[in-house]
Amino acid sequence: MSTLVRHQGGGVILLSLLIGLILGIVPLPRVLELYRPDWALLILLYWSLALPQRIGVGIAWLTGLFQDVLTATLLGQHALAYAVASYLIINLHQRLRLHPLWQQSLSILILLMLAQLIIFWINGIIGRPIQSWLYWLPSVVGAALWPAVFVLLRGLRRAFHVS
Amino acid sequence: MVFVFASILLMTLDQRQQHLDSLRSALSVVVFPIQWLVDQPAASQDWFQETLSSRRALQEENARLRTEQLILKAELQKLEALEAENLRLRELLDSSFKVRERVLIAEIMAVDLDPYRHQILLNKGSHDDLYTGQPLVDANGVMGQVVQAGPFTATAMLITDPAHAVPVQVNRNGLRSIALGTGSLTSLSLPYLPNNADIRTGDLLITSGLGGRFPPGYPVAEVQNVIRDPGEPFAQVFARPLAELNRSREVLLVWSQDEAGMDPAATEPAADETAGEPTP
């Protein structure tokens, strides 16, 4: 990263991640709770895709750590999942950007599921296995919401000239 | 790669307990504003309800509470006499027993945690002397225990979490067992009772105080069904928790007896919220 490149709109990125974390713990009815997508990860993936030179694995890891504290899970499990997902999307960003939105959704679905798989494994290792297929629903919901998230955040990025 | 190692290191340390409590506490302070913000709609709804309710409704509630208090006071008089008598008899038997404990009321914050675990977030923390392992009760029975106490917030595990177990006894005959969480908010399971155990539907389960975490004598659950299969060594017993695990907004934190016994200074009422401290 060269120092000559001027960065703008860090506040927008920070605020959007914060909103993602808040949406992650807003109380929902018990039925809807199981469908809640991983908002923080979705928003993180967008920024990693749009500004890979700026939003790196480190920020993903920190976001995951906050998610761990907020949801009272084992410290580091969301951090690991987020870091891996953002590493992959940064590696693939040039290819992914060329895909139409619905194809991006499919890739996002795989990434979200991978993140959930990591959390699932860790839960299994520490002896709290989750025995329900509903566990994977948030990934599907998240992937379905990806086009909306993408368009919204792209609008924000252009409006505030985040670069 | 560095981050992967860092996460694995963190998780190992966290799982092996205690090493990271300070880090977790520090982080919980950082995220407290977020949690506070999320809690606001629910909190302000409560406030509005109180502020905007009509004078008539308030008067009615006041009258109701007055009668209730009168009845409770009358019962308390009896209880005090009984407690004194109980203590005297126990002194004769040379056993120490504390009937009342120090308590504090905390509110559950309207924040969702992991949907696959039964955990709640409380608005009191180690700032108010909460400690890990502290029992939690509501008006009807035992709710759970504190698993992690940050400075301003604390995470508590409900008795129905699959990783939770309470030592209980049947109130009718003193039969001891362990009640495990099942992952459903309406059911506890007692897997270690033999087929010929004297337990039946409708029995009240109370904490036995074994294990030293929960003070003895608090109601936990009511036995709902007992399945005795002659081919199995153990009976399948399911009980319904008495506490309103998914409805209450306020919980009572109890300082159980050994801690109170060890540190007499800690039993002093710390704030106006503290109640129920026995006068010597």
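Key figures for this structure:
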read-out: Leading residue by the ranking (farthest from B:MET109 (Cα to Cα)) among those in the stretch A:86-96 that are among the aliphatic types (A, V, I, L, M) and either within 14 Å of another protein chain (Cβ to nearest Cβ) or touching a residue at least 24 places away in the same chain (Cβ under 8 Å) (or both); value: A:LEU96
read-out: Matching residues, the stretch A:37-68, being within 14 Å of another protein chain (Cβ to nearest Cβ) and either among the charged types (D, E, K, R) or touching a strand residue (DSSP E or B) at 6+ places or on another chain (Cβ under 8 Å) (or both); value: A:ASP38, A:ASP68
read-out: Check on A:ARG54, over 22 Å from A:ASN91 (Cβ atoms) and among the basic types (Lys, Arg); value: no
read-out: Enumeration of residues in the stretch B:199-253 that are out of contact with any strand residue (DSSP E or B) (no Cβ under 8 Å at 6 or more places or on another chain), without any contact (Cβ under 8 Å) to a residue 24 or more places away in the chain and farther than 17 Å from B:HIS118 by Cα; value: B:GLY231
read-out: B:GLY150 vs. criteria within 12 Å of another protein chain (Cβ to nearest Cβ), surrounded by 19 or more Cβ atoms within 10 Å (Cβ to Cβ), in contact (Cβ under 8 Å) with a residue 60 or more places away in the chain and in contact with an Asp or Glu (Cβ under 7 Å, 6 or more places away or on another chain); value: no
read-out: Any hit, the stretch B:20-30, residues being within 26 Å of the chain's Cα centre (by Cα), loosely packed, with under 11 Cβ neighbours inside 10 Å and at positive phi; value: no
read-out: First in the stretch A:14-36 and more than 7 Å from chain B (Cβ to nearest Cβ) and touching a residue at least 40 places away in the same chain (Cβ under 8 Å), second anywhere and assigned to a helix (DSSP H, G or I) and loosely packed, with under 14 Cβ neighbours inside 10 Å, Cβ under 8 Å, 6 or more apart; value: none
read-out: Pair list, Cβ < 6 Å and 6+ apart or interchain, from the stretch A:72-85 residues that are facing chain B (nearest Cβ under 7 Å) to residues that are acidic (Asp, Glu) and surrounded by 24 or more Cβ atoms within 10 Å (Cβ to Cβ); value: A:LEU75/A:ASP68
read-out: Filter pass, A:HIS99 being over 15 Å from the mean Cα position of the chain (by Cα) and more than 11 Å from every other protein chain (Cβ to nearest Cβ); value: yes
read-out: Which listed residue is within 19 Å of B:SER189 (Cα to Cα) and either hydrophobic (A, V, I, L, M, F, W, C) or modelled with pLDDT of 90 or more (or both), from B:ALA270, B:ALA266, B:ALA239, B:ALA275; value: B:ALA239
read-out: Members of the stretch B:6-34 found to be modelled with pLDDT of 80 or more and within 7 Å of chain A (Cβ to nearest Cβ), listed by number; value: B:LEU27, B:SER28, B:VAL31, B:ILE34
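The values are calculated or read from the model by the stated rules, or taken from the named source; none is laboratory data. Here the structure is a predicted model, which means the values were calculated and not measured. Methodologically, a virtual Cβ is constructed for each residue, glycine included, from the backbone with ideal geometry; neighbour enumeration extends over all protein chains shown.
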